[in-house]
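Working notes for the structure below.
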Amino acid sequence: MYISRIILPFEERKGLMGKVATFGGCSLYTGAPYFSAISALRVGADISRIFCPTSAASPIKSYSPELIVHPYLIESDESDNEEKITRIVNECIAKLSAWETRITSCALGPGMGINIAMQCTALDFILKLKERQMPLVLDADGIMLALNWPEIFSSYKNCIITPNFVEFKRLQQKFAPEENVDDSDGFSALVSIYKKLNGPTILRKGKIDTIIDEYGIILVDLEERLESLRMKEKEGKCEKMSKLKGNGRRCGGQGDLLTGTLAAFTFWALKIGKSIDSDNDITDKKKSSSDQSDSSISLIPTLSSQLPIEETIKQRPMLYAAIAACTVVRRAAKKTWTQIGRGMLASDIISNLAPAIDEIMEEEERFEQEAKKE
C-alpha cells in the first residue's frame, strides 16, 4: 500500500493539497521547469508556481495557463564583475523572500543552467528553505550546488537529490573517487556520497531506481511487482517474479516529470506522517538505528515491495514519497508507450500521470483485500 499511503484525500479549500514551487529555467531551457511544474498539478497539487528568469517567462506562460510564472530571477552576463553579480543576486533574493512562506515544497534545478547569478540566488533560497525543513527536490543543474557546496545540505533531512547516471558519476568522482560505478551497481559509492552530504535522501535514477536514506538502500521494484500481480490475476497463472520490460523509450524531460511529481508527494508524505499517532509508529523503536554511524549502512539493498509493514511513513517520509513517485511515473510512461510507441514524448506522458495513480491505487486495494481473505 505504498501509493495509497501518501495520496492525500482532496480537501475543500484550495492550497491544502500543496503549493509547489519550481525554481529553474533559463534563456536556453524552458521545457524542463514546465514539465516539473505541470506534473505537480497533474498528480493533484493545488497550486504550481515557477520562479524563472524573464527570458524564460513568456515561453513558459505560453505552454499552460494553469501555471503561475514569476519572472523574478536574473541571469548575469559573462562580463559582469563581482559587485554587479552581488547586486543582481540581492535583487532576486528580495523578490523571492515574499514567497518563501507561501509554498509547501520546492523542485529546484530543472533547466536552471549554470549561470553564476542563478546559482548564487539558488544557494540563498535553499538556505531559507532548509531553515524551515521544507521539502526540497534537487535535480538537474541544481545538483551542481550539492557538488560544489555539500556543507549546505548537511542535516537537511527533507531534501531529496535525484541524479541520473551522468549526474551520479559527477558526484561519485567528487565524493568517492576510489569507487567504480556503473549503471547497475555503485552501492558503495552511493553510501559514500550519502555520508558526505550528511542529510538528504538520494534517489539514483536508472534502469532500476535506487534510494538511500539513513536506514539503508532500497531498490524500487514496486511497479514490476504490481504489474506481475495484475498479470497473474488477469491470466489466472502462477506468479513469476521476473523483471518486466519498461517503456521502450526514455524521453528527454521524463526526469522533470518525476521531479514535479516528487515535489508534490514529499509534502503529502510529511503531512500524513505528522498526522500519525506517535503511539502507533516505530520511530522511537528505530531511534537507536538512526543514532548509529552512517558506516553501518548495509550495502545489501532491500526491495521496496519487501519493506516491512511496520516501516511507517512518519519515520521515512522522503523514502515513501520517492517510491511512490518512481512507481507512478514509470506506470504513466508504460501506458503512454502502449498508446503511442516510439514517437512518444515527455509531454505525452503528462496526461497519464493521474490515471496511473488511480490504476495503481485500485490494484493495491484489490490485492490487500485478497491478502486478508487468504
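The values are calculated or read from the model by the stated rules, or taken from the named source; none is laboratory data. Please read these numbers as outputs of a predicted model, since none were measured by experiment. When we count neighbours, we look across all protein chains shown, and the Cβ atoms used for this are built from the backbone with ideal geometry, even at glycine. These area figures cover heavy atoms from the full protein model, side chains too; ligands, DNA and RNA do not enter into them. Shrake-Rupley method; radii C 1.70, N 1.55, O 1.52, S 1.80 Å.
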Item checked: Tally, over region 13-71, of residues that are farther than 24 Å from Arg330 by Cα, β-branched (Val, Ile, Thr) and in contact with a helix residue (DSSP H, G or I) (Cβ under 8 Å, 6 or more places away or on another chain) -> 3
Notebook entry, point to check: Looking only at helices (runs of 4 or more DSSP H) that fall completely inside region 120-205, which ones have 1 or more residues that are in contact (Cβ under 8 Å) with a residue 60 or more places away in the chain, open to solvent by less than 40 Å² (accessible area, probe 1.4 Å) and of a type outside the set (A, V, I, L, M, F, W, C)?
Noted result: 187-197
Next item on the list: Please work out if Arg87 is without any contact (Cβ under 8 Å) to a residue 24 or more places away in the chain, surrounded by fewer than 21 Cβ atoms within 10 Å (Cβ to Cβ) and outside any loop (DSSP other than H, G, I, E, B).
Entry: yes
Margin query: Quick check on Met112: is it in a loop (DSSP other than H, G, I, E, B), closer than 25 Å to Ala269 by Cβ, hydrophobic (A, V, I, L, M, F, W, C) and in contact (Cβ under 8 Å) with a residue 60 or more places away in the chain?
Written below: yes
Notebook entry, point to check: So, in region 1-42, of the ones that are among the β-branched types (Val, Ile, Thr), closer than 18 Å to Ala269 by Cβ and outside any helix (DSSP H, G or I), which residue ends up least open to solvent (accessible area, probe 1.4 Å)?
Noted result: Val20
Item checked: Residue selected from region 3-28 under the condition of a type in the set (D, E, K, R) and under 26 Å from Glu362 (Cα atoms), by the criterion nearest to the chain's Cα centre (by Cα) -> Arg5
Check: hydrophobic (A, V, I, L, M, F, W, C), surrounded by fewer than 18 Cβ atoms within 10 Å (Cβ to Cβ) and not in a helix (DSSP H, G or I) - does that describe any residue in region 327-345?
Finding: yes
Check: Under the condition of being part of a loop (DSSP other than H, G, I, E, B) and at pLDDT 50 or above, which residue from region 238-261 is nearest to Gly25 (Cα to Cα)?
Finding: Gly253
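Results for (1) over 27 Å from Ser39 (Cα atoms); (2) open to solvent by 40 Å² or more (accessible area, probe 1.4 Å); (3) modelled with pLDDT of 95 or more, shown as yes or no for each residue.
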residue: Ser275; (1), (2), (3): no, yes, no
residue: Ser278; (1), (2), (3): yes, yes, no
residue: Lys286; (1), (2), (3): yes, yes, no
residue: Asn352; (1), (2), (3): no, no, yes
